[in-house]
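The values are calculated or read from the model by the stated rules, or taken from the named source; none is laboratory data. Keep in mind that this is a model prediction, so the values were computed, not measured. All Cβ positions, even for glycine, are placed from backbone atoms using ideal geometry, and neighbour counts span all protein chains on display. The protein model used for the area step is the full one, side chains on, heavy atoms only, and it has no ligands, DNA or RNA in it. Shrake-Rupley method; radii C 1.70, N 1.55, O 1.52, S 1.80 Å.
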Amino acid sequence: GVVSAVDLLKGIGIYANMTVAKVNGATGYIDSNFKAKVEAALDILKTNDYVYIHMEAPDECGHRGEIHNKVKAIEIIDKEVVGPMLDALSGQDVRVLVAPDHPTPLDIKTHTRNPVPFLIYDSRKNLGGGIFTEEGAEKTGVYISEGYKLSDMLLEK
């Protein structure tokens, strides 16, 4: 399934024959209804084994050059989306991928082709901890050059 405020992503979901949630208050900014996005994602998981939750807020804040709101958006996503999703799925065998779709550096306010950090959580494995930052990701030495290989990693293909 797909949970997003962005029409392009909802359209991709429709054409991929995925369940696409309609979320009231999904704005693509820091005022988005993140709680409703989580509820929609959990609802999708009742009948599907995969859900893609897209949150536009950090990207939008990057385009606007809003450093404080970009940090706030990431903190909100961690507290109101990632945490509640993991809590709701506790006790189940799940894998979760957390990643931006592209960098939007504050200094240039546009997308770049630079690598993005990613985190894969697997409830069946204790892989240790670390800091989820660009610098922390670079230190791992793990680099995925083609996006589908990251999906394969998530799906254990």
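Using only the alpha carbons of the range 10-79, what is the convex hull's orientation-averaged projected area in square nanometres?
Details: hull surface 19.9 nm².
Mean projected area of the Cα convex hull: 5.0 nm².
Using label points projected 7 Å from each Cα along Cα→Cβ, tell me how many nm separate Val94 and Lys46, to one decimal.
1.6 nm
State, to one decimal in nm, how far the label point of Asp78 lies from the label point of Lys125, with both points 7 Å from Cα in the Cβ direction.
Calculated label separation equals 2.3 nm.
Report, to two decimal places, the Cα Rg of the range 52-113 normalised by 2.2 N^0.38 Å (N = number of residues).
Working it through for the range 52-113, the quotient is 1.28.
In the range 1-109, carbon and sulfur make up what percent of the accessible area (probe 1.4 Å)? Numbers along the way, then the final one.
Values: 3340 of 6400 Å².
Reported share for carbon and sulfur atoms: 52 percent.
Under 17 Å from a point placed 7 Å out from the Cα of Asp107 along the Cα-to-Cβ direction: which residues of the range 57-86 have their backbone N that close?
Only 62-68 fall inside the zone, counting backbone N under 17 Å.
Just by accessible area at a 1.4 angstrom probe, what is the order of Tyr50, Tyr15 from largest to smallest? List each step's numbers first, then the result.
Numbers: Tyr50 95, Tyr15 205 Å².
Ranked from most to least accessible, the order is Tyr15, Tyr50.
At 1.4 Å probe size, what's the solvent-accessible area of Glu134? Round to the nearest 10 Å².
Surface accessible to solvent at Glu134 totals approximately 120 Å².
Report Leu154's accessible area, 1.4 Å probe, all protein chains in place, as a number in Å² to the nearest 10.
Counting only protein heavy atoms, the figure is 20 Å².
Could you pull out the pairs from Lys37/Lys109; Lys37/Lys149; Lys70/Lys149; Lys72/Lys149; Lys10/Lys72; Lys35/Lys72 whose alpha carbons sit more than 22 Å apart here?
Lys37/Lys109; Lys37/Lys149; Lys70/Lys149; Lys72/Lys149; Lys10/Lys72
Let me check I have the definition right: for the chain, take the eigenvalues of the Cα gyration tensor, multiply each by 5, take square roots. What are those semi-axes in whole Å, largest first?
Rounded to whole Å, the semi-axes are 22, 21, 16.
For the residue pair Lys149 and Glu39, what label-to-label distance in nm results when each label sits 7 Å from Cα along the Cα-to-beta-carbon direction?
Between Lys149 and Glu39, the label points sit 4.1 nm apart.
Would you work out which of Val96, Thr47, His111 lies farthest towards the positive end of the dipole of the range 1-151? Charges go on Cβ: Lys and Arg +1, Asp and Glu -1.
The Cα lying farthest towards the positive end belongs to Thr47.
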